[in-house]
Every structure is written in structure tokens, then in C-alpha cells.
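What follows is calculated from the coordinates using simple rules that are stated; it is not laboratory data. Source: prediction; values computed, not measured. Cβ sites come from the backbone with ideal geometry, for glycine too, and all protein chains shown count toward neighbours.
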Amino acid sequence: IPGTVRAFYTYQHVERDALLGAYNTDDWWFHTWYEGHRFAFAVTVYPRVFVQATGMIQRRLDRQNHLNRFTLDLVKMF
């Protein structure tokens with residue numbers, strides 16, 4: 001339904017030797033030995049089509065500084 005709004009939040013903490021950490025998701029910049037927050041907001045613009053803005057804040061567990069990434073996606077569901 002056009003105008004439908006959704007939002008989500010994800011927190012991940014993956015240790016150094018987490019074997020399956022590399023397969024968690026492609027959106028995270030680091031795949032092991034990090035912690036991160038991911039938040040998104042999406043709005044349906046046409047039936048089965050939505051625009052989603054996502055922000056990711058990550059930090060390697062051996063560093064103090066954070067890596068920030070923001071994406072904007074146009075998604076068509078089939």
C-alpha cells in the first residue's frame with residue numbers, strides 16, 4: 001500500500017574468530033571483530049516499490065574511531 005512506513009534497528013557484535021561472521025550480511029563494512037548499529041526508514045511509493053534510507057555506524061573492536069555509512073535504496077519486490 002503506497003504511503004506505508006516502516007523502520008528498523010539492528011545491533012551486531014561479532015568477535016574476531018566468528019567463522020560465520022563473514023556471512024552475516026553484505027551491508028556491514030567489517031564482517032568480523034566489530035560492533036555496529038544499523039537503522040533504516042522506508043516508505044512505499046508504489047505497490048511493491050519502496051525507498052529505503054539506511055545508516056550504519058561501525059567500530060572495529062580494536063579501534064576507538066567509528067566508520068559511518070549511509071545508503072539510499074530503491075527496491076522493487078517481485
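Structure notes:
- Of the residues making up segment 30-53, those that are touching a strand residue (DSSP E or B) at 6+ places or on another chain (Cβ under 7 Å) and either closer than 20 Å to residue 2 by Cα or loosely packed, with under 14 Cβ neighbours inside 10 Å (or both) are 40, 41, 42, 43, 44, 45, 48, 49, 50, 51, 52, 53.
- Candidates in segment 45-68 are the residues that are polar (S, T, N, Q) and touching a Gly at 6+ places or on another chain (Cβ under 9 Å); of these, the one that is farthest from residue 11 (Cα to Cα) is 68.
- Some residue of segment 54-72 being crowded, with 16+ Cβ neighbours inside 10 Å, under 17 Å from the mean Cα position of the chain (by Cα), assigned to a strand (DSSP E or B) and of a type in the set (S, T, N, Q): yes
- Test: residue 38 is touching a Ser or Thr at 6+ places or on another chain (Cβ under 7 Å) and part of a loop (DSSP other than H, G, I, E, B): no
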